[in-house]
1. Just to confirm a number: summing +1 for Lys and Arg and -1 for Asp and Glu over residues other than ILE3 whose beta-carbon lies under 9 angstrom from that of ILE3, what do you get?
2. Using amide H atoms built in the peptide plane, which far-off residues or other-chain residues are under 5 Å from ALA19 H to H?
3. Within region 1-51, report the GluC sites (Glu not before Pro) that DSSP leaves as loop and that have at most 14 other Cβ atoms within 10 Å.
4. Relative contact order of region 2-84: what whole-number percent is it, with Cα pairs under 8 angstrom and at least 6 residues apart?
5. To the nearest 20 debye, what is the magnitude of the charge dipole of region 2-84 about its Cα centre, counting +1 on the Cβ of each Lys and Arg and -1 on the Cβ of each Asp and Glu?
6. Modelled label-to-label distance, ILE78 and ALA57, 7 Å Cα→beta-carbon offset: nm?
7. Could you check how much of the accessible area of the chain is carbon and sulfur, as a whole percent, using a 1.4 Å probe?
8. Which of the following values of Kirkwood radius over Cα pairs in Å was calculated from the structure shown: [x] 15.5; [y] 12.8; [z] 13.6?
Amino acid sequence: MKIIRNIEVWEKGMDGGFAGHLAITETISVEFLFSLFRNEQDQPDPEMKLSYMLDAARIALLQPYVAELMNLTKYDYILTAHGQPDY
């Protein structure tokens, strides 16, 4: 199973709706992602299979790996992962 990581985009606010996904380049390393979030994890998630809210500092670090410009004033972002079968 191949793990695909992307960023969920949500409109700001409690009533904000889902706005789509942003692709993350496959060259991003799991170790890099883990280094961004390891201090917040109750249990280690070194494979980065859980979802994580992104703040301005993390968005700045992830932006080089995302083709579209992320706009934190308009949207909230969540780093997510899902499995895709190897064919």
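1. Within the 9 Å Cβ shell, the charges total +2.
2. VAL9, TRP10, GLU11
3. On the way: sites: GLU8, GLU11, GLU26, GLU31, GLU40, GLU47; in loops: GLU26, GLU47.
Sites meeting the loop and neighbour criteria: GLU26, GLU47.
4. 45 percent
5. Details: 7 positive and 12 negative charges, 32 e Å.
The dipole magnitude comes to about 160 debye.
6. 2.3 nm
7. On the way: 3160 of 5830 Å².
Answer for the chain is 54 percent, counting heavy atoms of protein chains only.
8. Given [x] 15.5; [y] 12.8; [z] 13.6, the structure-derived one carries the label [z].
The values are calculated or read from the model by the stated rules, or taken from the named source; none is laboratory data. Here the structure is a predicted model, which is why all the values come from computation and not from measurement. Quick reminder, even Gly has a Cβ in these numbers, built from the backbone with ideal geometry, and neighbours come from all protein chains shown. The area values use the complete protein model at the heavy-atom level, side chains included, leaving out ligands, DNA and RNA. Shrake-Rupley method; radii C 1.70, N 1.55, O 1.52, S 1.80 Å.
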